[in-house]
Amino acid sequence: MVQGSRKSRTLRRAHRRTPGGKTVLCFKRRNPNSAKCSRCGAKLSGIPRKIPLKFKNIPKTKRNPARPYGGNLCSKCTRQVLIEKARSEEE
């Protein structure tokens, strides 16, 4: 019988073959969706896919890119925003 905590679909079921030849059901934790750009919706590179519990144990330098809007905008949108800001300041 399966444990009650393993009945929910938060855990992914994976069939594994043991060295003895049996097929065993293993329960793995699912990864969350990857972070997305708030402007265009593209996947953000440089941000690991971790659950919050594991994410807080990662060093701060590895959590987000160290550029302006890092973790919110992709590099393409960041470039556009900075250019728009520079143009608006000139006027």
Check on Lys62, out of contact with any Lys or Arg (no Cβ under 8 Å at 6 or more places or on another chain) and without any contact (Cβ under 8 Å) to a residue 12 or more places away in the chain
no
Filtering the range 38-90 for residues that are among the polar types (S, T, N, Q) and in contact with a strand residue (DSSP E or B) (Cβ under 8 Å, 6 or more places away or on another chain) leaves a count of 0
Regarding the range 59-70, can at least one residue be identified that is of a type outside the set (Phe, Trp, Tyr) and in contact with a Pro (Cβ under 8 Å, 6 or more places away or on another chain)? yes
Residue pairs qualifying under the 6 Å Cβ cut-off, at least six apart or on distinct chains, with the first in the range 68-81 being among the β-branched types (Val, Ile, Thr) and the second being modelled with pLDDT under 95, are Thr78/Tyr69
Restricted to the range 24-79 and to residues being among the basic types (Lys, Arg) and part of a strand (DSSP E or B), the residue surrounded by the most Cβ atoms within 10 Å (Cβ to Cβ) is Lys36
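The values are calculated or read from the model by the stated rules, or taken from the named source; none is laboratory data. The model shown is predicted, which means the values in this text are computed figures rather than measured ones. With ideal geometry, Cβ positions are generated from the backbone for all residues, glycine too; neighbour counts draw on all protein chains shown.
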